[in-house]
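The values are calculated or read from the model by the stated rules, or taken from the named source; none is laboratory data. Owing to the predicted nature of the structure, the values given are computational and were not obtained by experimental measurement. Virtual Cβ from ideal backbone geometry, glycine too; neighbours counted across all protein chains shown. Side chains included, ligands, DNA and RNA excluded: accessible areas come from the protein's heavy atoms. Shrake-Rupley method; radii C 1.70, N 1.55, O 1.52, S 1.80 Å.
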Amino acid sequence: MALEVVAALITRGERFLACQRPAHKDRGLLWEFVGGKVEPGETKAQALARECQEELGVAVTVDRPVLEVTHAYPDLTIHLTLFAAALTGEEPQRLEHADLRWMTLEEAQGYPFCPADREILAQLAQAGPLGKG
């Protein structure tokens, strides 16, 4: 059974917020969308709001699901739901990640993203520029 995971597509114009995983974690120093596991008793939206608070120190408004992927890593299979989300005011802080960057989909091609996140990036690129809908 796949582990339920959520991620946030937080945008500013045609840029989105990408986070670099800490070196000591699985898939360390790879880039990803902010997010994490859905805990028992949480909705996906609640999990995403909690993860953004824990990892970035920000509150977010969680909007609609943008897309979903299921990806099998050697150690686990995840079902990842990407939600459109918006910051409610604060600037993201690097509380857990090695780095944070605002990047375009084109710029993201030059960064090593986690495989599941690469699948999402490919689908987003096919859909067209961010911030256009």
field: Qualifying residue in the stretch 2-13 (condition: loosely packed, with under 15 Cβ neighbours inside 10 Å, under 18 Å from Leu130 (Cβ atoms) and modelled with pLDDT under 95)
entry: yes
task: May I ask you to say which residue of Leu82, Leu100 is more than 23 Å from Glu4 (Cα to Cα), part of a strand (DSSP E or B), at pLDDT 95 or above and not aromatic (Phe, Trp, Tyr)?
output: Leu100
task: Name the residue, out of Arg50, Arg21, Arg27, that is of a type in the set (Lys, Arg), without any contact (Cβ under 8 Å) to a residue 60 or more places away in the chain and within 22 Å of Ala2 (Cα to Cα).
output: Arg50
query: Quick one: is Leu95 crowded, with 16+ Cβ neighbours inside 10 Å, touching a residue at least 12 places away in the same chain (Cβ under 8 Å) and either aliphatic (A, V, I, L, M) or in contact with a strand residue (DSSP E or B) (Cβ under 9 Å, 6 or more places away or on another chain) (or both)?
result: no
query: If we scan the stretch 106-123, do we find a residue that is open to solvent by 50 Å² or more (accessible area, probe 1.4 Å), on the phi > 0 side of the Ramachandran plot and not in a strand (DSSP E or B)?
result: no
- prompt: Can you tell me which residue in the stretch 57-69 is least open to solvent (accessible area, probe 1.4 Å), limited to those that are part of a loop (DSSP other than H, G, I, E, B) and closer than 15 Å to Phe83 by Cβ?
  reply: Val58
message: Given the condition assigned to a loop (DSSP other than H, G, I, E, B), closer than 20 Å to Leu130 by Cβ and β-branched (Val, Ile, Thr), answer yes or no: does some residue in the stretch 36-56 qualify?
response: no
